[in-house]
Amino acid sequence: SLMVTTGPEVVTLANAFTMAPAPVITQLSSTSGQQGQTNVVLTINASSAHFSNASVVTFNGTGITAGSPTAVTSTSVTVNVTIAANAATGIRNLTVITGTEIVTLARAFTVNAGTPVITNVNPNAGQQGQNSLAVIITGNFTHFSNASVVTFSGAGVTASAPTAATATSITVNLSIAANAATGARDVTVTTGGEV
């Protein structure tokens with residue numbers, strides 16, 4: 001109850017003020033994602049919250065963004081999350097802002113390293129009997145180096161040691177035997193434990 005006293009006068013109003021519990025994030029449908037991943041569906045559940053279609057979900061740091069809510073109740077909001085390929089790896093705080101209500105969960109979401117993948121081989125064809133064909137192999141989330149080893153499936157196609165390398169690009173010279181079978185080949189770049 002609320003009581004106001006002014007000299008001998010006392011005024012009381014019963015049940016005039018209510019203490020509501022603070023909103024707290026209680027559950028996430030996903031707690032991690034990889035660099036370069038898009039459309040990660042993330043549902044955030046909370047107690048005592050007042051989420052709406054106007055709620056905004058943010059993460060600390062750069063390279064990770066949430067879209068507008070796709071499904072909402074007062075205590076649940078679903079958003080699509082995009083993680084940039086160059087987003088820093090590590091743990092992020094998550095915040096949901098709805099008007100003046102700000103609900104934060106520390107150490108809520110982890111950005112993991114992206115999966116290494118070869119994205120391009122240029123040129124992607126050669127002829128039987130061809131020697132010293134310079135080939136550039138490009139990847140994402142790779143750690144190529146001059147110590148990388150490049151191999152092709154099947155017999156008759158061999159790659160030299162790298163002639164140039166960056167973390168995401170490697171150049172090798174190919175030798176194609178005159179009796180090498182024609183057709184598509186798989187390419188593998190091995191750098192330490194990364195294949």
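The criterion of at least 3 residues that are crowded, with 17+ Cβ neighbours inside 10 Å and not basic (Lys, Arg) is met, among strands (runs of 3 or more DSSP E) falling completely within the range 1-114, by 40-47, 76-83, 90-98, 101-112.
Look at the range 128-152 and say how many of its residues are open to solvent by less than 30 Å² (accessible area, probe 1.4 Å) and not in a strand (DSSP E or B). Walk me through how you get there before you give the answer.
Within the range 128-152, the first condition is being open to solvent by less than 30 Å² (accessible area, probe 1.4 Å), and the residues that meet it are 133, 135, 137, 139, 142, 144, 148, 150.
Applying the additional criterion that residues be not in a strand (DSSP E or B) yields 142, 144, 148.
Residues meeting the conditions: 3.
Of all residues in the range 184-195, those being buried (at least 17 other Cβ atoms within 10 Å of the Cβ) and among the hydroxyl-bearing types (Ser, Thr, Tyr) number 1.
Quick one: which residue in Ile136, Ile170, Ile91 is aliphatic (A, V, I, L, M), out of contact with any His (no Cβ under 9 Å at 6 or more places or on another chain) and under 30 Å from Ser55 (Cβ atoms)? First the steps, then the outcome.
Working: Ile136 fails: under 30 Å from Ser55 (Cβ atoms); Ile170 fails: under 30 Å from Ser55 (Cβ atoms).
Result: Ile91 is the single residue among Ile136, Ile170, Ile91 that is aliphatic (A, V, I, L, M), out of contact with any His (no Cβ under 9 Å at 6 or more places or on another chain) and under 30 Å from Ser55 (Cβ atoms).
Taken as a whole, the condition of being free of Cβ contacts under 8 Å to residues at least 60 places away in the same chain and of a type in the set (Ser, Thr, Tyr) applies to Thr100.
Restricting the range 156-183 to residues that are among the hydrophobic types (A, V, I, L, M, F, W, C) and open to solvent by 60 Å² or more (accessible area, probe 1.4 Å) leaves a set whose member that is nearest to Val117 (Cα to Cα) is Ala161.
The values are calculated or read from the model by the stated rules, or taken from the named source; none is laboratory data. Given the structure is predicted, the values throughout are model-derived calculations rather than measurements. All Cβ positions, even for glycine, are placed from backbone atoms using ideal geometry, and neighbour counts span all protein chains on display. When the accessible area is computed, the model is the full protein with side chains, heavy atoms only, and any ligands, DNA or RNA have been set aside. Shrake-Rupley method; radii C 1.70, N 1.55, O 1.52, S 1.80 Å.
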